[in-house]
Amino acid sequence: QVQLVESGGGLVQAGGSLRLSCVVSGRTISSDRMGWFRQAPGKEREFVASIGWIIGNIYYANSVKGRFTISRDNAKNTVYLQMNSLKPEDTAVYYCAVDTPNVGSTWDYWGQGTQVTVSS
């Protein structure tokens, strides 16, 4: 029933920018923590950024700190990832995830992923 749909990926030159969007259907995300993860070919999935329902409760991986910005619009049931100063090592499939507050687990729902490719 719950579905996450990512969009906004593509191919850009190093130093360029992209904005990813994740629209959630089937539940409201007002009280949920939202996150972005990525996975490059042959590598493990890694954490990128997360944002809680409390404003300012934001975390970033060191590799993207200062370049990426996570934000949310609860009225649109959407989370965003603004990616600036992109590097070739940012190339990966990017996944959106939902962490609900009342379930004894983390990252309960996942999207299908969107491809980001950065050329040198």
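The values are calculated or read from the model by the stated rules, or taken from the named source; none is laboratory data. Keep in mind it's a predicted model, so treat the numbers as computed, not measured. So basically every Cβ, Gly included, is an ideal-geometry build from the backbone, and we count neighbours across all protein chains shown. The protein model used for the area step is the full one, side chains on, heavy atoms only, and it has no ligands, DNA or RNA in it. Shrake-Rupley method; radii C 1.70, N 1.55, O 1.52, S 1.80 Å.
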Of ARG38, ARG72, ARG27, which has the largest mean-square fluctuation in a 10 Å C-alpha GNM of the chain? ARG27
Where only protein heavy atoms count, and the probe is 1.4 Å, what is the accessible area per residue for the chain in Å²? 53 Å²
Run the accessible area of the range 41-82 with a 1.4 Å probe and give the carbon-and-sulfur part as a rounded percent. 54 percent
For the chain, the spread of Cα positions along each principal axis, largest first, Å: 43, 27, 24
Of VAL103, VAL48, VAL23, the most mobile residue in a GNM of the chain (C-alpha springs, cutoff 10 Å) is VAL103
For VAL2 and THR106, what is the calculated FRET efficiency with R₀ set at 22 Å and r taken between the beta-carbons, to the nearest 0.05? 0.90
Pick out which of LEU20, LEU11, LEU81 has the largest mean-square fluctuation in a Gaussian network model of the chain, springs linking Cα atoms closer than 10 Å. LEU11
If amide H atoms are modeled at 1.01 Å from N in the peptide plane, then the residues at a separation of 5 or more from ASP32, or on another chain, having amide H under 5 Å from its own are none
Computed magnitude of the charge dipole of the range 51-120 (debye, nearest 20; Cβ of K, R +1, Cβ of D, E -1): 200 debye
